1. Which count do you get for residues in region 120-141 that are over 16 Å from ASP63 (Cβ atoms), free of Cβ contacts under 8 Å to residues at least 60 places away in the same chain and either more than 13 Å from the chain's Cα centre (by Cα) or more than 8 Å from the ligand (Cβ to nearest atom) (or both)?
2. Which residues, taken from region 28-47, are in contact with a helix residue (DSSP H, G or I) (Cβ under 8 Å, 6 or more places away or on another chain) and under 21 Å from ALA147 (Cα atoms)?
3. Can you name the residue in region 158-168 that is crowded, with 16+ Cβ neighbours inside 10 Å and farther than 16 Å from GLU14 by Cα and is also nearest to the ligand (Cβ to nearest atom) among such residues?
4. Would you say LEU20 is touching an Asp or Glu at 6+ places or on another chain (Cβ under 7 Å) and assigned to a helix (DSSP H, G or I)?
5. If I filter region 59-79 for residues that are at pLDDT 95 or above and within 25 Å of ARG175 (Cα to Cα), do I get at least one hit?
6. Quick check on region 96-118. Is at least one of its residues closer than 29 Å to TRP2 by Cα and more than 8 Å from the ligand (Cβ to nearest atom)?
7. Would you call LEU37 surrounded by 13 or more Cβ atoms within 10 Å (Cβ to Cβ), aliphatic (A, V, I, L, M) and under 26 Å from CYS171 (Cβ atoms)?
8. Between a residue in region 39-68 that is free of Cβ contacts under 8 Å to residues at least 24 places away in the same chain and any residue that is away from the ligand (no atom under 16 Å from the Cβ) and of a type in the set (Val, Ile, Thr), which pairs come within a Cβ distance under 6 Å, given they are 6 or more apart or on different chains?
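The values are calculated or read from the model by the stated rules, or taken from the named source; none is laboratory data. Please read these numbers as outputs of a predicted model, since none were measured by experiment. Reconstructed Cβ throughout: ideal geometry from the backbone, glycine too, with neighbour counts over all protein chains shown.
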Amino acid sequence: MWGKEIERVLISREEIAARLEDLAADIAGDMGGSELLVIGVLKGAVVFLADLIRKLTFPVEIDFLAVSSYGKSSVSSGVVRITKDLDYDITGKKILLVEDIVDTGLTLSYLLGHLQARQPELLKVCVLLDKPERRQVPVQVDYAGFAIPDEFVVGYGLDYAGRYRNLPDICVLKREVYQSSRS
Ligand code: 5GP
């Protein structure tokens, strides 16, 4: 039904839902009771953020940033451009940055610098997926959903060429589909 490009389900929707409960409990334990602004990175973090905030048992506000990475679609070039900035002034605020995946760490590292420059009171990072093998720069991750191997994944917000964001499970894309665009 999802087509010939998908190799297999890596993390099922049930596993994601269960892990979200734990992540939300950890976040609530650390940051609950304070006024929290949850910032999602468009577009990949939209599905994750939408589910995560509804597991939090205290009121939060949300905002979004959009970034575009120059270069090929399945590999980070490390050159990041903000294509939509925040609506809120985050100075003095408690922030939870929500990202879909940390791979080389270059995108998150750039984003953290960008946000820290605005002097929030507290800045924590929550990623759904982490590919530790691929890290090129050390980067702050306070909450991570799943560590995954070095495979290109789609679904639950993550895309390939704009497709598969609405796939409910996290799936591995067949290597031959994306290897031609990977250096
Ligand atoms: P980094 O800068 O850490 O190398 O890459 C972060 C960005 O690369 C993510 O926000 C995401 O857009 C993209 N990315 C890295 N690995 C994957 C993957 O396996 N699947 C998808 N769909 N995007 C990925």
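1. Of the residues in region 120-141, 12 are over 16 Å from ASP63 (Cβ atoms), free of Cβ contacts under 8 Å to residues at least 60 places away in the same chain and either more than 13 Å from the chain's Cα centre (by Cα) or more than 8 Å from the ligand (Cβ to nearest atom) (or both).
2. Restricting attention to region 28-47, the residues satisfying the condition of being in contact with a helix residue (DSSP H, G or I) (Cβ under 8 Å, 6 or more places away or on another chain) are 38-41.
Listed by number, the residues that qualify are GLY40, VAL41.
3. Looking only at region 158-168, we keep the residues that are crowded, with 16+ Cβ neighbours inside 10 Å, and these are 158-160, 164-165, 167.
Those still in the list that are farther than 16 Å from GLU14 by Cα too: 158-160, 164-165.
Working: LEU158: 4, ASP159: 5, TYR160: 6, TYR164: 8, ARG165: 9 Å.
Checking each candidate, the answer is LEU158.
4. Judged against the criteria, LEU20 is a match.
5. No; the residues of region 59-79 include none that is at pLDDT 95 or above and within 25 Å of ARG175 (Cα to Cα).
6. Here is the first cut: in region 96-118, the residues closer than 29 Å to TRP2 by Cα are 98-104, 107.
In the following step, the residues that additionally are more than 8 Å from the ligand (Cβ to nearest atom) were identified as 98.
Checked against the condition, which is being closer than 29 Å to TRP2 by Cα and more than 8 Å from the ligand (Cβ to nearest atom), region 96-118 yields at least one hit.
7. For LEU37, the condition - surrounded by 13 or more Cβ atoms within 10 Å (Cβ to Cβ), aliphatic (A, V, I, L, M) and under 26 Å from CYS171 (Cβ atoms) - is not met.
8. Once the first residue is free of Cβ contacts under 8 Å to residues at least 24 places away in the same chain and sits in region 39-68, its partners that are away from the ligand (no atom under 16 Å from the Cβ) and of a type in the set (Val, Ile, Thr) give ILE53/VAL38; ILE53/VAL60.
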